[in-house]
Amino acid sequence: MARKTLRIAMNGVTGRMGYRQHLVRSLLAIREEGGLDLGGGDVLWPEPVLVGRREHALKEIADRHGLTEVSTDLDAVLADDSIDIYFDAQVTAAREQALKSAIAAGKDIYTEKPTATGLGAAVELAQAARAAGIKHGVVQDKIFLPGLLKLKRLIDGGFFGQILSVRGEFGYWVFEGDWQEAQRPSWNYREQDGGGITVDMFPHWEYVLHELFGRVRTVQAHVTTHIPRRWDEKGKAYEATADDAAYGIFELDGGVVAQINSSWATRVNRDELVEFHVDGTEGSAVAGLRNCRIQHRATTPKPVWNPDLPATESFRDQWQEVPDNADFANGFRAQWELFLRHVALDEPYHWDLAAGARGVQLAELGLKAAAEGRRLDVPELAL
């Protein structure tokens, strides 16, 4: 048995997502199970090198998990020939330049999204990576969630017939930070720091819609800042300059209409924090993070509108749960494993910087559509 080590510079692991999902639940989880099985007796061993601005925080994480290498000098790390992959989970505003430097250093790169703060820069990154001949991937975690994997199973099996529409609801109440601590960093609510729910979530909706239902052809949106005043991590009040809610309508290939509401100013009255309701001629489904429920044409009841009487039936009880029929790994880990196999074995992989650029494009067009009050075409990117 041969063990192949890949040294991965991880920038941004002091943040919640970078630490919990990418370090602990992905790479360290792979190590805890003896590495990634590459077949033929070979094993891939990921070796994280923690990178960031706060050395004490990096050392604390390293000591907690038995890691030995930390650095606050990104340039020195990228100049190290032993580093194979650069991973970025920093704040969006810092990502573009770091990715440019990693590409110039010839490193394979894997990154959170959005890949840049504007479409032009996102396209340049994709083109630069392609010209450099490196391998590159963008985190698109939601299509690896159990609920959406079940939904894809239904689509692939022809359950829906002709798909007509998709309705998505995402979000929860993020506390303002005065009388209860906020669950998200304050930079998320400052446009000047790269914040805003449109630039955060529209890249997600682009790949979810694209992968499951078809390419987004048009977009119209309304974005707003419902909560104009918030309090930061030090308890200081600040003006929320970024949008905290975005209401989008998207037309997809084949005439499918998708409506997705995204809000950090809503209280949850659904089974999961994100749900997609899909209607088709032969059946409908509601998929969340983990679960998926269906109602087939043959078992669809015939409700009658009568506002003068209380409802006599539970509509939720009329749906059937889709079974797991498989063991589902953590979605972040599942994509990490595919990318590591792509690097080690050159296996096919299409969630790249071009896909990341499409997400930035949709966010940019969504903001423009909202500002101009009209529907905009989403042209294909020439990459």
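Coordinate-derived values only; no laboratory data. Predicted, not measured: the structure shown is a model, and the values here were computed from it. Cβ placement follows ideal geometry from the backbone for every residue including glycine, while neighbour counts extend to all protein chains displayed.
Computed values, structure above
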read-out: Computed lengthening from ARG167 to ALA29, 0.36 nm per intervening residue step minus Cα-Cα distance; value: 46.3 nm
read-out: Span from the the stretch 62-97 Cα centroid across to the the stretch 310-345 one, whole angstrom; value: 31 Å
read-out: Net lengthening on full extension, THR300/ARG267 (0.36 nm per residue, minus Cα-Cα); value: 8.9 nm
read-out: 25 °C / 0.890 mPa s Stokes-Einstein diffusion coefficient of the chain, Kirkwood radius on C-alpha pairs, µm²/s; value: 110 µm²/s
read-out: DSSP bridge pairs, the chain: antiparallel proportion in percent, nearest 5; value: 60 percent
read-out: Proximal lysines to LYS100, defined as alpha-carbon separation beneath 16 angstrom and excluding residues fewer than eight positions away on the same chain; value: LYS113, LYS135
read-out: Förster radius 22 Å - calculated FRET efficiency between MET17 and ALA334 (Cβ-Cβ, nearest 0.05); value: 0.90
read-out: Mean separation of Cα contacts under 8 Å (6+ apart) over length of the chain, as relative contact order %; value: 20 percent
read-out: Cα pair distances in the stretch 122-244, grouped into 10 Å bins until the bin that holds the longest one, percent each; value: 10, 30, 29, 24, 7, 0
read-out: Highest average packing first - 349-361, 215-227, 301-313, 50-62, Cβ atoms within 10 Å; value: 349-361, 215-227, 50-62, 301-313
read-out: Table column - 3J(HN,Hα) (Hz), the stretch 346-351, Karplus curve with 6.51, -1.76, 1.60, x for Gly and Pro; value: 6, 6, x, 7, 10, 8
read-out: Sorted peptide list for 130-136, 75-81, criterion being average Cβ within 10 angstrom, highest first; value: 130-136, 75-81
read-out: Candidate lysines - alpha carbon under 29 Å from LYS302, same-chain residues fewer than 8 apart omitted; value: LYS150, LYS152
read-out: Qualifying GluC sites (Glu not before Pro) in the stretch 110-197, DSSP loop, other Cβ atoms within 10 Å at most 16; value: GLU181
read-out: Chain lengthening between ASP73 and HIS226 when straightened (0.36 nm per residue, less Cα-Cα); value: 51.2 nm
read-out: Cβ-derived FRET efficiency at R0 35 Å, GLU239 paired with SER101, nearest 0.05; value: 0.60
read-out: Built amide H within the under 5 Å cut-off of THR111, gap 5+; value: ASP88, GLY137, VAL138, VAL139
read-out: Protection proxy ranking of 82-95, 233-246 - average other beta-carbon atoms within 10 Å, highest first; value: 82-95, 233-246
